[in-house]
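Enquirer: Quick one: the structure is below, and I'll ask about it shortly.
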Amino acid sequence: MLALGLKAATAYGRPDLAERLAGLAARVEQPEVRVLVVGEFKQGKSSLVNALVGSDLCPVDDDIATSAPLLLRWAATPVAAVRLRAGPADATDGAEDAGDDGAAALDPAEVADWVTERANPGNRRHVALVELGVPAPLLSEGLVVVDTPGVGGLGSTHGAVTAAALPLADAVVFVGDAAQELTGAEAAFLQTCVRLCPTIAYALTKTDLHPAWRRIAEIDAGHLATLGLGGLPLLPVSATLARLAEPRHDQRLAVESGLPVLRDWLTAEVLGGAATRRRRSVAAEVAAVADQLAARFEAERATLADPEHAARVLAELQDARQRAEQLRGAAGRWQQGLADGFGDLTADVEHDLRSRLRDVGREADEALERCDPALAWAEFEPWLRQRTAAAVTASYALLHERATALAIRLGEAFDVDEQQVSDRLRVGPPDDALALAPRDGALEARRAGVGAMALTALRGGYSGSSMFGMLGGMAGLALAPPVAVLAVVAFGAKTVRDERTRQLAQRRTQARTAARRYLDEVTFSVSKDLRDVLRRVQRTLRDLLASRAEELARSAQEAAAAAQGAAQAAAGAGGPGREQRLADVEAELRRIGGLRRQALDLVEAAP
């Protein structure tokens, strides 16, 4: 259909429309459909991915967790590559030099050295993504499966970054364990998934290990209904049974594993849904191009069919041409709406980010007032980073939703397909922005040791006893030894208490300073990244709408010129010549109308 549209646009002398369809063709020729596999750590995500693709390339271990995202796509033979973020020079040890696309070749057998917590703790190698090519039938039609990091679970920084990547996904498989019912953190994450990526299924794993999985499934179904997610597919699966059934060709065991149902959902709902969206996008674009190609001939036909009212037709076409020129001009209303809309959006997103991070700062201050930072810093620092990552993720989600809504609203004036807007304006995850903030180490201040406290007690006791001795000497009295001892103990104990209180206050001050410094750095780096993203989105939308305005202006100009030429020809030519031209114009319109009908039939022809 795109080839026909390109041929028609070229034949009718519209290279701008041909370029528009060529860009769509380039996107359609690479129909990758990305599916994120998400969930708490140690829930069986990697095992499920291995079972889906029929391969053991995803590392699986009872103790370790995935520390970096692992992407699997189709390849005739197993191949691997790693993409790194900016980091130390020795981070690339073990991988070949990166190519032009930023990916370094990797031995598939060494994938575990890059994506597991044991070999790459805390993702110290700065891995952005490891890509695996697998000869799996499920992936042969363009399906791409991403095994997301499980370190720290959904409440960690990894979980927040995973949530931020949801707008980039076409579908999500949420993985839960049949050992227990849905938790509060999982329920909240599911709601985020549905908000940012509506195509989602809930896979209840490890049904082979837990005999009561059916009861857990019923309870989870109730939780989903309470959350308003009753329509979410809940699919009990067992990766172990699926892998056992495969070499035995045991159909009964395969059915019991539940994996065929999940594969059918991925094929029918995810791949099929993506194919339907592509068909609709192609149909809308080709139909819009056909409408613009037909505008010239429709204007000419209107003039030829009724020469007496040619002046009225020409006046209407001139008005349409002026409106199209206004759209194309810098003073067009859509240009003002674009600038105002993104100006307001920038202010709202930055205010949202600062407001969320201020709330995190207040929560941090309250938490530090209830604890001793020297003892609790090991737990406090990860909590602070997780809460910060969650706040940043929420701001990116707001940016994505508001920018897409604004783009769709502005695109309505140009009949821009919503799917094209969503595809072009997707906002990526903020992991790089979070990585810009420096990591504060443990606090330098420590609790004073026993020796230091003993010296403090002696110093306070000596000072107190000396003061009482001096006062007694002035009064002509001498302190009895028991009284002197009690004075030393009392003053020493008070001095120790006061010193501990002072040191605790000092540690809390240092901890608050470190937390605020971290939040300030995050605010600075993320605000810059948010502004960069918004400017990039604004330019993309501006270029898209400007090209549509140029097309409409050219179509209106050609229509007015065709009508003017037809009016002059009709005035100077006889009836037979006008009738012949009218017949030719009708034939061209039928040809273009046939192209438009074929395009619209694409949607109905979907399997």
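The values are calculated or read from the model by the stated rules, or taken from the named source; none is laboratory data. Model, not experiment: these values are computed from the prediction. Every residue, glycine as well, gets a Cβ built from its backbone with ideal geometry; the counts of neighbours run over all protein chains shown. Remember, those area values only see protein heavy atoms, side chains included, never the ligands or the DNA or RNA. Shrake-Rupley method; radii C 1.70, N 1.55, O 1.52, S 1.80 Å.
Enquirer: Along the range 296-303, what does the Karplus equation 6.51 cos²θ - 1.76 cosθ + 1.60 (θ = phi - 60°) give for ³J(HN,Hα), rounded to whole Hz, x for Gly and Pro?
Expert: 5, 6, 5, 5, 5, 5, 4, 6
Enquirer: Pairs of Cα atoms under 8 Å, at least six residues apart: use those to get the relative contact order of the range 175-321, whole percent.
Expert: In percent, rounded to a whole number, it is 17.
Enquirer: Students often check this: by mean Cβ neighbours within 10 Å, which of 298-304, 257-263 ranks highest, and how do the rest follow?
Expert: Ranking the peptides 298-304, 257-263 by packing returns 298-304, 257-263.
Enquirer: Using a 1.4 Å probe and ignoring any ligands, DNA or RNA, find the accessible area of R195 and quote it in Å² to the nearest 10.
Expert: Roll a 1.4 Å probe over it and R195 shows about 130 Å².
Enquirer: Out of residues 5 or more away from D177 or on other chains, whose amide H comes under 5 Å of its own, with H placed 1.01 Å from N in the peptide plane?
Expert: So D177 has HN proximity to T205.
Enquirer: Whole-Hz Karplus ³J(HN,Hα) for the range 4-10, in order, using 6.51 cos²θ - 1.76 cosθ + 1.60 and θ = phi - 60°, x for Gly and Pro?
Expert: Ordered by residue, 3J(HN,Hα) equals 5, x, 4, 4, 5, 4, 5 Hz.
Enquirer: Shifting gears a bit: Just for the Cα atoms in the range 193-256, what are the lengths along the principal axes, largest first, rounded to whole Å?
Expert: 41, 26, 14
Enquirer: Using Cα centres only, tell me the gap between the range 493-554 and the range 344-359 in whole Å.
Expert: 9 Å
Enquirer: Now for a separate question. Please work out the FRET efficiency for the pair E141 and R512, using the Cβ-Cβ distance as r and a Förster radius of 60 Å; give the result to the nearest 0.05.
Expert: Between E141 and R512 the formula returns 0.65.
Enquirer: Over the range 223-299, with every protein chain in place, what whole percent of the accessible area is carbon and sulfur at 1.4 Å, could you tell me?
Expert: Here carbon and sulfur together make up 54 percent of the probe-accessible area.
Enquirer: Which order do H249, H210 take by accessible area at a 1.4 Å probe, largest first?
Expert: Heavy-atom accessible area, descending, gives H249, H210.
Enquirer: Moving on to the next point. Within the range 111-138, find all residues whose amide N lies under 16 Å from a label point positioned 7 Å from the Cα of T267 along Cα-to-beta-carbon.
Expert: 136-138
Enquirer: Quick one: which of 237-244, 32-39, 133-140 comes out on top by average Cβ neighbours within 10 Å, and what's the full order, highest first?
Expert: The peptides rank, most packed first, as 32-39, 237-244, 133-140.
Enquirer: Expected output is a single nm value to one decimal: the length gained when fully extending between R333 and A185, i.e. 0.36 nm times separation in residues minus the C-alpha distance. What is it?
Expert: Working it through step by step, the gained length comes to 48.8 nm.
Enquirer: Separate question: Report, by chain and number, residues whose modeled amide H sits under 5 Å from the one on R118, excluding near sequence neighbours (fewer than 5 apart, same chain).
Expert: For R118, whose amide H was placed from the backbone, the distant partners under 5 Å are A65.
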